[in-house]
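Below is one structure; the comments refer to it alone.
What follows draws every value from the coordinates through simple rules; no lab data is involved. Just so it is clear, the structure is predicted and the values come from calculations on it, not from any experiment. Note that each Cβ is placed from the backbone with ideal geometry, even for glycine, and that neighbours are counted across all protein chains shown.
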Amino acid sequence: MRLCAGVYPEHSRRSVKKSYFCPMIKANDPSLKSWIEVDPKSDFPIQNLPFGIFKTQSSSPRIGVAIGDQVLDLAILNKLGFFNNLHIDNSVFTNQYLNDFIALGNNTCRNVRQRISDLLNADHAELRDNKEAQAKALQYISNVQMQLPVKIGDYTDFYSSMDHAINIGTMIRDPKNALLSNWKHLPVGYHGRASSIIVSGTNFHRPKGQTLPADQAGKPANEVQPVFGPSKLLDFELETAFIIGKETQLGDSITTANADDHIFGMVLFNDWSARDIQTWEYVPLGPFLSKNFASTISPWIVTLDALEPFRVEGYKQDPKVLPYLQYEGNKNIDINLEVFIQPENGEETIVSHSNYKFMYWNMEQQLAHHTVNGCNMNIGDMLASGTISGPTPESFGSMMEITWRGTKPLKLKDGSERKFINDNDTVIIRGYSEKDGVRIGFGECKAMVLPAKS
Ligand code: MN
């Protein structure tokens, strides 16, 4: 059951008010102010309160919540008794991952977020006037090390942006027939690899693999000779991912109407892709080694609750989808997404400005589809959107599309050109929703590509 289902102004997808505030989620109230000073450009105002795992030189991994440029240590707060009414064992807060916390259920997680909102509220004296507790429980984010927030059991990647699918289909097949016949009937996806999902700030080596030299494309099977070496066409994919917050049993299906109850929150996601390896290997079972060498996520999980005020209408789905994929209300979310490339010791250049609202298939449909056959979901499973491109070239979500397969190189601020990603380039994804003076951001999803291992 959706938290705010009863209070939306209108369930018709055609006449939804642009702006509304869900009165049941008190912590989202735009008028809230914290006693901690938060820069208006910060991703982490009191209305956000995303969850993550951090450690310091002197402390083991634990759950933190971001507020401005600081992190609130929930293990310390619980130990000091600030969550006494919620009766949560402290081991939940000192785990290496958020899974056990998420397993407490949406209601408890929501109550914790509400309690933190109260403790940080400028009108509440409890923590505001307790300097001793503040000194123990607050650290600057710049002084802590963010960890992978969840133990990811399974990872799925969808292909749900129509503009992206049309771009790729146009490039590699036929502009008149860019979308394959299944595309508008189901959210296409594939099972990815969880072991190589890394947290922002973790650098990785350029992948090596088999590729087919361009002059051999289209030759008969008995005449081709692939080569082995570092990928020459390394790309990013601008994506988001959502994290499963409530498990299901084998055989169970999730409906679009109850999907939100199974989603804990979202992160930014870079699905690094080696296009030359992909082109050679993907037939007939889809991507394999071209995708599973690394995927980068942002460290803070922004709760679905915090994103609720930014829900917007999605694309009209035509042809009409099968009943199990139909949904009510606004299921897309207005999240600005930006990609930057930073050469070694150089300046950042923005190369894409897209938006999560450009998704053709929404998370609720993806989850309904994923489980319609009885596939079970576990807490911590990660489901990524697929590359999110918008309708204009400025909003394309991969180098493949931005440079149109390398035929239109882009210029960085330092004058250098890129067709794909060079060694020692850092790619940074940033994302935020903004409305009514509130900016709900995700922080950074960032990694540098090191030269291939010799
Ligand atoms: Mn992808």
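The table below gives the values:
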quantity: Aspartates and glutamates with Cα under 17 Å of K136, excluding same-chain neighbours fewer than 8 positions away; calculated: D69, D73, E126
quantity: Computed [θ] at 222 nm, deg cm²/dmol, the chain (DSSP H ≥ 4; -39,500 (n - 2.57); rounded to nearest 500); calculated: -4000 deg cm²/dmol
quantity: Residues whose placed amide H lies under 5 Å from that of S231, excluding near-sequence neighbours; calculated: K208, G209
quantity: Mean Cβ count within 10 Å, highest first, over the residues of peptides 343-353, 287-297; calculated: 287-297, 343-353
quantity: For region 171-242, convex hull volume per residue from C-alpha positions, Å³; calculated: 189
quantity: Potential lengthening between E223 and N111 on full extension [0.36 nm per residue; Cα-Cα distance subtracted]; calculated: 33.9 nm
quantity: Mean Cβ neighbour count within 10 Å, used as a protection proxy, ranking 409-418, 427-436 highest first; calculated: 427-436, 409-418
quantity: Centroid-to-centroid separation of region 136-150 and region 306-323 [C-alpha atoms, Å]; calculated: 35
quantity: V351 long-range amide H proximity, modeled H, under 5 Å; calculated: V339, F340, I341
quantity: 13 Å cut-off, amide nitrogen to a point 7 angstrom out along Q145 Cα→Cβ, residues in region 49-84; calculated: 54-62
quantity: Residue-span extension gain [E328 to K176] - 0.36 nm each, minus C-alpha spacing; calculated: 51.5 nm
quantity: Percent RCO, i.e. relative contact order, over the chain, from Cα pairs under 8 Å lying at least 6 residues apart; calculated: 20
quantity: ³J(HN,Hα) computed for each position of region 255-264 - Karplus, 6.51 cos²θ - 1.76 cosθ + 1.60, integer Hz, glycine/proline x; calculated: 8, 4, 6, 9, 4, 4, 5, 9, 10, 7
quantity: Equivalent ellipsoid semi-axes, the chain, via Cα gyration tensor eigenvalues times 5, rooted, Å; calculated: 37, 26, 20
quantity: Region 390-422 residues near the modelled E347 label - backbone nitrogen below 18 Å, point 7 Å along Cα→Cβ; calculated: 410-418
quantity: 5 angstrom amide H check on H205, placed H, neighbours 5+ away; calculated: L450
quantity: Estimated FRET transfer efficiency when R0 is 45 angstrom, pair D318-A214 (beta carbons, to 0.05); calculated: 0.75
quantity: Filter on K55/K453; K291/K413; K419/K453; K357/K446; K232/K408 - keep pairs with C-alpha separation over 20 Å; calculated: K55/K453; K291/K413; K419/K453; K357/K446
quantity: Relative packing of peptides 147-158, 307-318 - highest average C-beta neighbours within 10 Å first; calculated: 147-158, 307-318
quantity: Label point distance in nm, K33-K232, each placed 7 Å from Cα along Cα→Cβ; calculated: 6.0
quantity: Sequence-separation-based contact order of region 307-454, relative, with Cα cut under 8 Å and 6+ spacing, percent; calculated: 23
quantity: Under the Karplus curve 6.51 cos²θ - 1.76 cosθ + 1.60, θ = phi - 60°, whole-Hz ³J(HN,Hα) for region 286-298, x wherever Gly or Pro sits; calculated: x, x, 9, 6, 6, 10, 9, 7, 5, 9, 9, 10, 6
quantity: In sequence order, calculated HN-Hα J values of region 134-143 (Karplus, 6.51, -1.76, 1.60; Hz; x Gly/Pro); calculated: 4, 4, 7, 9, 10, 9, 6, 4, 5, 9
quantity: Gained length - H191 relative to F288, 0.36 nm times residue gap less alpha-carbon distance; calculated: 34.0 nm
